[in-house]
Each structure stands twice: as C-alpha cells, then as structure tokens.
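S.K.: Here you go, one structure.
The values are calculated or read from the model by the stated rules, or taken from the named source; none is laboratory data. All of these numbers come straight from a predicted model, not from anything done at the bench. Because the Cβ atoms are built from the backbone with ideal geometry, glycine has one as well, and the counts that use them run over all protein chains shown.
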Amino acid sequence: MKSICSNWLLGASVVLAIAAPAAAQTVDSKAQERKIVDPTFVNDAFVGDQIRYESVNRGEPGGDKLAEARRIAAAVVAQDRPNPAKIVDVGSHAGEFLEAFLEQFPSSNAQWTEPVEDNHANAIRRFARFRNKIDYVIGCPNRDLSLGCVPKGTDVLITSWLTIHQNLPGIRKFYKEAAAILPSGGWVANIDHVAVRSGNWTSVLGGARKTLKSEAIAAQQEGPGVHHLDYVLPTLEDQLAALRAAGFTDPQVVWRRLDTVLIVARKP
C-alpha cells in the first residue's frame, strides 16, 4: 500500500512557540483523500520509552500525566455505547489517546490518523497487542476533517489539542464536520487547553503547573507547538458553544486539571 506525507511544517516542541502553517494549507488537493498506509512500516524514529496512555514529549521523560483523562474518556463513552464499531483518532501522535479506547473496546476497529509519518513506527509499537484492529492513515493536517480522513459513520471521534491547530472558526468547523460524520448516538471527545480570562488566573494556573510538575503530578508541556499564526486560546465557554452550535446539545467537561480539560459530547 502507498502512503502520503504532506509537505507540512511541524510546530516547535515548546507549547506557545508558533510555527508557520503555510505548508499545511497548500496540500495538493489530489492527495487529500484518506490514505491507509502499510502497518509493517518501520523506522528508527522512536522517542524515548512509551508510557501507557501517555505522550512522552521532549524534555518530559515522565510522560504528560494525562493517562487518567484518556481512560476517563473511554469509560464515559462505554456507559452509553459499549460496542462501538469504529473509533477514529485525528491527530493521534504516538497513539496514546486511541490506546486508552482500545483498552476499553478491544473488539472495535480503530484508526490512527496523522498528517505525517513521524510517529507511525511509534504507534505500531504501541498498538502491537491490537495489531489486527488498527488502520494507519496519513491525512487531515491541522485536524481538517474536510480533507476526508474520517469515514462517514464513525461511532467515536477523538482528538487532542484542537486549539493548537485551529483558531475559533476552525474549531467550530471541526465540530460541525464531526457532527456530520457521526451517527445518532456517536461521540466526540477532545483533550485541550482553555483560557481563563478573568482576574490573574492565567498566572495562578501557570504557577500551580510548575509546582505540580516538580511533584510529578502534571507536565509542563502538553501537546505540540502552535500550528497557526492567529493563535488565541479560546475559553471553555467558546468550546462548549461551538459544540452546541454543531448540534451536540449537551457537551460536558468530565475531567479538568488547571487549564487542561476533557470535553465529551454525544450526538442526539
């Protein structure tokens, strides 16, 4: 099978370090369809040791401390949809979020989705115990679902760090397109950062994060660098309003730590 790799500039590894997104916006239209890549692909791009349900970012060898949030997302969905046929993770990185769902739903078929090959080998290693249940797809840079990487009728659509890849209009578009893809009773989940604009909460939460990092309770870095130039972190209210406008009538925050939230919503 053939794979594609868009000529896409990756963001810097430090959160809030802006990387130019121009290459991501000029992907050849003929190469935007969903492409399944060879699951036997291997390279030497492993980055440190893997931690179950966690991303190991550069400078954070202890992981991003978000395993709990990822497992909670899967457990919440399981209460309403115990046997999803298809789970798709858009922007999968090394597969830490999708791993939590496959642990909850070992009989489900799943799709790892990334715009570039960089973490393909890492994902294969992570998913070794689920080998026959995974498609590896290269597509949808910047979480752009309009590029066709997610099959219609997907039961559960998960993503992370949507705000790092899209501005608020792009976030609204993502949720609207997710609603069009999911069937009635389908679920969307997003682990993301949110802004708190009142008082000095930004400083307070930032200081608390440094303290909790020293105690191995939180990580300083969560997610990649910012991938668009007009980055303004939306509030939680912005995110929930975008979900409601897309037709998800009752979105909920089911986990929060400082300015990091897990938002889930069910399509009526």
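S.K.: For segment 120-142, enumerate the residues that are surrounded by fewer than 20 Cβ atoms within 10 Å (Cβ to Cβ), farther than 21 Å from residue 85 by Cα and not aliphatic (A, V, I, L, M).
M.R.: 125
S.K.: Turning to a different aspect of this structure: Any idea how many residues of segment 149-207 are of a type in the set (Phe, Trp, Tyr) and out of contact with any helix residue (DSSP H, G or I) (no Cβ under 7 Å at 6 or more places or on another chain)?
M.R.: Total satisfying the criteria: 2.
S.K.: If residue 113 meets every condition in (1) in a loop (DSSP other than H, G, I, E, B); (2) crowded, with 17+ Cβ neighbours inside 10 Å apart from one, which number is that one?
M.R.: Single failed check for residue 113: (1).
S.K.: Name every residue in segment 33-75 that is β-branched (Val, Ile, Thr), surrounded by 19 or more Cβ atoms within 10 Å (Cβ to Cβ) and at pLDDT 95 or above, in order of residue number.
M.R.: none
S.K.: Right, next: For segment 147-161, which positions are within 12 Å of residue 188 (Cα to Cα) and outside any loop (DSSP other than H, G, I, E, B)?
M.R.: 156, 157, 158, 159, 160 - these are the residues of segment 147-161 that are within 12 Å of residue 188 (Cα to Cα) and outside any loop (DSSP other than H, G, I, E, B).
S.K.: To continue, here is another question. Take residue 164 and tell me if it is buried (at least 20 other Cβ atoms within 10 Å of the Cβ) and in a strand (DSSP E or B).
M.R.: no
S.K.: Here is a further query. Quick one: in segment 53-80, which of the residues that are part of a loop (DSSP other than H, G, I, E, B) and of a type in the set (Lys, Arg) is nearest to residue 189 (Cα to Cα)?
M.R.: Across segment 53-80, the extreme among qualifying residues is 65.
S.K.: Now for a separate question. Taking the criterion of being surrounded by fewer than 20 Cβ atoms within 10 Å (Cβ to Cβ), modelled with pLDDT of 95 or more, on the phi < 0 side of the Ramachandran plot and under 16 Å from the mean Cα position of the chain (by Cα), would at least one residue in segment 174-182 satisfy it?
M.R.: yes
S.K.: Being touching a residue at least 12 places away in the same chain (Cβ under 8 Å) and either more than 19 Å from residue 261 (Cβ to Cβ) or part of a helix (DSSP H, G or I) (or both) is the filter here; which residues of segment 207-217 pass it?
M.R.: Correct list: 208, 209, 212, 216.
S.K.: Another question, if that's okay. Residues 103, 114: which one is within 23 Å of residue 224 (Cα to Cα) and not aromatic (Phe, Trp, Tyr)?
M.R.: After applying the criteria, what remains is 114.
S.K.: Any residue in segment 90-98 that is in contact (Cβ under 8 Å) with a residue 12 or more places away in the chain, aromatic (Phe, Trp, Tyr), closer than 23 Å to residue 68 by Cα and not in a helix (DSSP H, G or I)?
M.R.: Checked against the condition, which is being in contact (Cβ under 8 Å) with a residue 12 or more places away in the chain, aromatic (Phe, Trp, Tyr), closer than 23 Å to residue 68 by Cα and not in a helix (DSSP H, G or I), segment 90-98 yields no hits at all.
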